[in-house]
Every structure is written in structure tokens, then in C-alpha cells.
Amino acid sequence: MSNNGEVEVLWLSQEECIQGGAKDMDMILEYVEKVNLWLAQDKVVEPELLHLLWEKGNYSGQRIGVHAALIRSEEMQVAAVKGIPSNPLNPIKRNSPRSNGLIILYSEETGYPFAVMDDTIVSALRTGASSALGAKYCARPDSEILGLVGCGVIQNAHIEATSKVMHNIHTVRLYDINPDKAREFAAKWAHLGYKFEICTSIEEAVAQSDIVYTATNVNLGSEYIPKEWIKKGSFHSGVSMWDHKDEAILEGFNKYCMDYKLRLQDDKYPLSELTKSGKIQSENIIELGQIITGNKTIRESENDSVFFVTLGICATDTANSYRIYENAKAKGLGTKVKLWSEPALV
């Protein structure tokens, strides 16, 4: 804000965000971990997320997620509001991304916005980073087999992030309803040196894997993973939420972790529904940040099987977007857009 009251906002396109580090998985991982730590230290304020559904009850269909967060850490003091629409028909009908994110950063001092930025890439990468950090702190350190159900954009983020934090993986088992996508995925990530196995069934990808990520277009009522497919001692991140049957969550796993327990108040997703029904006690679900701080322990034996949920902490987007903003500004990137020359109401 200038001395004459003028307020300018920096607009950063997706390309400019990339130049500022949006595709830097090392940075994304660093700040996803920091945010989980800050959350445990009460340095993050984040309200419940809001999902606007174009079709009532269709959680895997067209929707808009509205998120907000405020960070007050030693490193940064910033707030943000994020909107991320999702349309699963976009890749099919328009050859365009399923989701696109837009984030607005706000000054703690004035409350005025100072940046409007693309959040599509950060949102995707921090999803993969969140699951990978869940594996880092909750999976067996000697995990060797990674199982991926669905081979789309989010799984690209998962495998990249996981390769950086889990160092004993040697085999990746892939399943996609379109086998060509699985083969293309394997070719894209061949440089990681893993043995890629294209599975003909979901069970093949899940039942023998030490770490499992599900990223599909499944909807409420179409759950398909039974308890018999849960390997003893395994770690599952249910990214697309409705993949695991209730029996699998309740009987296949004996440990539960999530990145933010406030999400238990949300209307519809498995752990929320199971806690509301009394089938899982809230106190038996551990927040990831509590594990990072060392205040809580989740894995007590080799046979502990952990079900992990990440619903997306907006603060992770906020912190990474702020870093990208700082990098982009230092490089002279972005377009300055005037919010006002002089405020109309004083």
C-alpha cells in the first residue's frame, strides 16, 4: 500500500508461478511439513472447508472447494482464500485439467490482498506431498512396494514426492481403468529406477503393496476395497475418499491418522461418517503434526496398518504460494493490477 492510499495487487499466471517454483517438489514438501508442524504449534488458523456441489450428493462430480487459512509463524504472517473448481469431464471433453485453483494472498497488517495467483499446480503437488509425508511418518521405513490406483495427475505428484522421502521402494504396482494410461505413467517415471508392474485388477495393485495411494473418480456408494486386500503393516492414503469400504477401514486398519482433525466435522467423507456414528473414536485418530512434533506415536509394531486421510490444508497452499510470490517478485514477474487509486470509503 502506497502513502497515498493506492493499493496494487500482483497477478501471477501459471507460467509465472512455475518460474517462481510451483513445480519444485523439494520446496513443496518442505512447506507442507512446516505447515503441519505449525498447525500442531497453534500457528495456523483454518476454518472448515466448503464444498459447493453442482449436483447434490455427487462428491466426485462438478464441485467448487472454497478454503481459507491464516499463518502466524516466525517465518511468515499471511492469510489466503482459495477456490478450486473440479470437473471430471474436462480432460475427456476438452482435453483440459480437471481442476484449476486460484488463491488470493492477504496482508496481515492491512487485510488487503497483495497477490492473486494460479494454484492449480501447487494444489496438485501438495496433495502428493501430503500423502508422502503421511508415509514418511506412518509407513514402515522399510516399505518396498508402492501401489497406485488411478494413474492421473495426482499420482504424478504422489510418486515424485514419495521417491524423495521413502528410500527403500523398488517396485510400483499400477492400476488404471485405461491400461494405456498406466503404461504411459510407467514410461514417464522410468528414470526413478523402479520396477513397474501393470496390474490387470485393483486387487493386484493393492493387496501386496506396503504403501497404497488411491486417486480415482469414485463416488460415495461405490466403495470397492474390502478388508481382505489390506496388507498387514501397510499404509494407505485414501486420497479420493470413497475407495475403501467401511469394513476395510474398521477391520483392515488398526491405526488412523489425518492432517487436520477439524475435517471430522465435514458432512461427508469416511472418517467423518465413522466418527459421527461412533464406530471410530475421534481420540483414536492422530494428527500428522502431532507425530512430527514427537508428541504422538502411531506405529507401535510391524503389523500396525495405518489409514491416512488428507483433505487438503489450505495453509499448505498458502505457505507455498507465498514463497512462490516472493520468488516471482524478486525476478520481476507478474502484472500489477490496481485495486483502487483512492479508497471510495474511508
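Here are some notes:
A quick yes/no check of all residues on (1) in contact with a Lys or Arg (Cβ under 8 Å, 6 or more places away or on another chain); (2) of a type in the set (A, V, I, L, M); (3) touching a residue at least 60 places away in the same chain (Cβ under 8 Å); (4) crowded, with 19+ Cβ neighbours inside 10 Å:
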position: E197; (1), (2), (3), (4): yes, no, no, no
position: I202; (1), (2), (3), (4): no, yes, no, yes
position: I211; (1), (2), (3), (4): no, yes, yes, yes
position: L220; (1), (2), (3), (4): yes, yes, yes, no
position: Y224; (1), (2), (3), (4): yes, no, no, no
position: E228; (1), (2), (3), (4): no, no, no, no
position: M241; (1), (2), (3), (4): no, yes, yes, yes
position: E251; (1), (2), (3), (4): yes, no, no, no
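- Single match in L192, L262 (criterion: open to solvent by less than 60 Å² (accessible area, probe 1.4 Å) and within 27 Å of K56 (Cα to Cα)): L262
- Looking only at residues in segment 107-129 that are acidic (D, E) and open to solvent by 10 Å² or more (accessible area, probe 1.4 Å), the one that is modelled with the highest pLDDT is D118.
- A single member of I104, I92 is at pLDDT 95 or above and either more than 29 Å from S163 (Cα to Cα) or not aromatic (F, W, Y) (or both), and it is I104.
- Matching entry among A139, A132 (being touching a helix residue (DSSP H, G or I) at 6+ places or on another chain (Cβ under 6 Å), open to solvent by less than 10 Å² (accessible area, probe 1.4 Å) and either among the β-branched types (V, I, T) or modelled with pLDDT of 95 or more (or both)): A132
- Test: residue in segment 287-302 that is of a type outside the set (A, V, I, L, M), part of a helix (DSSP H, G or I) and crowded, with 20+ Cβ neighbours inside 10 Å: yes
- Taken residue by residue, segment 265-281 has at least one member that is open to solvent by 30 Å² or more (accessible area, probe 1.4 Å), over 21 Å from D210 (Cβ atoms) and either among the hydrophobic types (A, V, I, L, M, F, W, C) or within 18 Å of the chain's Cα centre (by Cα) (or both).
- Note on segment 140-177: residues that are in a loop (DSSP other than H, G, I, E, B), under 19 Å from S240 (Cβ atoms) and in contact (Cβ under 8 Å) with a residue 40 or more places away in the chain total 2.
- Test: A69 is hydrophobic (A, V, I, L, M, F, W, C) and over 26 Å from N156 (Cβ atoms): no
- S237 vs. criteria crowded, with 16+ Cβ neighbours inside 10 Å and touching a Phe, Trp or Tyr at 6+ places or on another chain (Cβ under 9 Å): yes
- Some residue of segment 308-326 being surrounded by 19 or more Cβ atoms within 10 Å (Cβ to Cβ), farther than 20 Å from A124 by Cα, out of contact with any Asp or Glu (no Cβ under 7 Å at 6 or more places or on another chain) and modelled with pLDDT of 95 or more: no
The values are calculated or read from the model by the stated rules, or taken from the named source; none is laboratory data. Note that the structure is predicted; figures quoted are calculated from it, not measured. Because the Cβ atoms are built from the backbone with ideal geometry, glycine has one as well, and the counts that use them run over all protein chains shown. What goes into the accessible areas is simple: the full protein's heavy atoms, side chains included, and nothing from ligands, DNA or RNA. Shrake-Rupley method; radii C 1.70, N 1.55, O 1.52, S 1.80 Å.
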